[in-house]
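The next block holds one structure in the form of structure tokens; read it before the comments.
Values quoted throughout were computed directly from the atomic coordinates according to the rules given, and no laboratory measurement underlies them. Since we're looking at a predicted model, the values are computed, not measured. In this analysis, Cβ positions are derived from the backbone assuming ideal geometry, glycine residues included, and neighbour counts consider all displayed protein chains.
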Amino acid sequence: MGETVLQAYRFALDPTPEQEAALRSHCGGQRFAYNWGLARIRANLDQRSAEKAYGLDSDDLTPPLSWSAYSLRKDWNQAKSEVAPWWGENSKEAYSSGLANLATALGNWEASRNGRRKGRKLGFPRFKGKRAVLSCRFTTGSFGLVDADRRHVKLPRVGTVRTHESSRKLARHVERGTARIRSATVSYRSGRWFCSFSVEIQRQDPKPAQPGTAVGVDLGIKSLAVLSTGEVIANPKHLEVALRELRRLQRQAARRIGPDKRARRKPSRRWRTTQARISKLHARVANARQDGLHKLSTRLVRTYGAVVIEDLNVSGMLANRKLARHVAGVGMAELRRQIEYKAAWAGVHMHVADRWYPSSKTCSACGVVKAKLRLSERTFACEACGLVLDRDFNAAHNLAALVEHEYGASSASCVVTVNEPDGNPRKTTHLGAAGTATGRPGPQQLMLL
Ligand SMILES: [Zn+2]
């Protein structure tokens, strides 16, 4: 019936002090096993390279240690009573989780060294220090939701931990038999414990309400987004307040003594305090934004047959120091990621406009492209045809026009498609699953007329 996908469900936890101690202990066990395995592998590699330097034959070298998760686990089980006599305090999953992470890290390092892995070169895995992220994964044993009240999760050895919010969405799936929980990962981030379930789910997504229509989405700076339908989606309420507070704290951190690698200076305690507050606030900003983007992306794929967004140069944008712009850029990548998978589930087209497509600079009425449009100009005024329009709305409209042009989503008397501009690179990337786009005019065309 539905498509089976792997999805994560994350819940904030409200552990009791004893449970928190148990969670910390498990994460500590995970870190210990990781560092133990890493030290062994490194000693082995160092030994072998020293022997090679002495000119020993490859047959006489100390045999290499395998770093598969299986061998690491086997070696750990032989050594644990000696190196960690307290191992029985935690579920064995804690150590397996650390060793599995190590196996992955070493595998990635090797692949990167041999050129089998894309992206920047990876260094040899490093030891996890005291300030490393606390996390631990459970893949076997009894974990999952507690059926009775939808407010608790069950974890091996830690027990039944209360969740901060209701788990009903996942619970319903489990009750219907459309979900299978594969693993549970606990982690401590920004002052809070989380449990994230990796779940195999059979999805049954509704088809969009207006399959014949296309919508262009322009992620704004002042508002969350502007749609080609003329709809303006406001930023989540708490975002503005949090951003202002974030700016204040960043100024505060700049006044305090931070770390200096060259001078080997350690940061002051006061600087750390501010950094802790900043990271907590970062999490809040990200959550508020994430929440708004999820609501938007779900609504888009439930309504329209095709969604068009911009392909922004996100990494280039991150170099921009302006905070609001930065946040908008991050949001764009996240929105794209969300629409990508949600569109595939709902059978909606998703189009990403070419990076060089001038959606902001093009007039959505006559198609003339402006040479320059400052970021501060909030209104688009066309010198050729006299159109005056909100900047973001104009951009959203141009995006929607892209898919109507290429896929014939509309044959209605739309100004944009009638007046084909010269030399306009109307290139799109097609990413979505197959869907329908037939000749019903979308609301965005009616807006302009
Ligand atoms: Zn014009």
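For Cys366, Cys195, Cys385, Cys136, which order do you get if you count the other beta carbons within 10 Å of each Cβ and list the fewest first?
By the 10 Å Cβ count, ascending: Cys385, Cys366, Cys195, Cys136.
For the range 228-266 and the range 1-30, what is the centre-to-centre distance using only Cα atoms, to the nearest Å?
Centre-to-centre distance over Cα atoms comes out at 28 Å.
Checking the a/c ratio against 1.5 first, then a/b against b/c, what shape does the Cα gyration tensor give for the range 161-248?
oblate
Work through the residues other than Asp75 whose Cβ is under 13 Å from its Cβ and net out their charges, Lys, Arg +1 and Asp, Glu -1.
Neighbour charge sum, excluding Asp75 itself: +3.
Kindly rank 388-401, 66-79, 237-250, 150-163 from highest to lowest mean number of other beta carbons found within 10 Å of each residue.
The peptides rank, most packed first, as 388-401, 150-163, 66-79, 237-250.
Quick one: dipole size for the range 1-204, taken about the Cα centre, charges +1 on Lys/Arg Cβ and -1 on Asp/Glu Cβ, in debye to the nearest 20.
Computed about the Cα centre, the dipole is about 880 debye.
Can you list, bin by bin at 10 Å, the percent of alpha carbon pairs in the range 142-186, starting at 0?
So the P(r) values, bin by bin, are 28, 61, 11.
Determine, for Arg336, Arg172, the number of other Cβ atoms within 10 Å of each Cβ, and report the residues in order from fewest to most.
Arg172, Arg336
Along the Cα-to-Cβ line of Asn287, 7 Å from the Cα, sits a label point; which residues in the range 184-207 have backbone N less than 15 Å from it?
Zone members listed by number: 187-196.
Excluding same-chain residues fewer than 8 positions from Lys52, which aspartates and glutamates have a Cα within less than 20 Å of its Cα?
Cross-link targets: Asp60, Glu110.
I need Val146, Val348, Val133 ordered by Cβ neighbour count within 10 Å, fewest first.
Working: Val146 16, Val348 27, Val133 10.
So the ranking, lowest neighbour count to highest, is Val133, Val146, Val348.
Please state, as a whole number in µm²/s, the translational diffusion coefficient that the Stokes-Einstein equation yields for the range 179-298 at 37 °C and 0.692 mPa s, with Rh defined as the Kirkwood radius across alpha carbon pairs.
Calculated translational D: 179 µm²/s.
Checking the cross-link filter: which lysines have an alpha carbon closer than 24 Å to that of Lys154, excluding same-chain neighbours under 8 positions apart?
Within the straight-line limit of under 24 Å, Lys154 reaches these lysines: Lys92, Lys169.
Answer rounded, prolate or oblate for the range 1-204, using the Cα gyration tensor with square roots of eigenvalues a ≥ b ≥ c: rounded when a/c is under 1.5, else prolate when a/b is larger than b/c, else oblate.
Because a/c hits 1.5 or more and a/b exceeds b/c, the range 1-204 counts as prolate.
Expected output is a single nm value to one decimal: the length gained when fully extending between Ile257 and Leu122, i.e. 0.36 nm times separation in residues minus the C-alpha distance. What is it? Let's see the in-between values first.
Numbers: separation 135, 0.36 × 135 = 48.60 nm, distance 3.08 nm.
Between Ile257 and Leu122, full extension yields 45.5 nm more.
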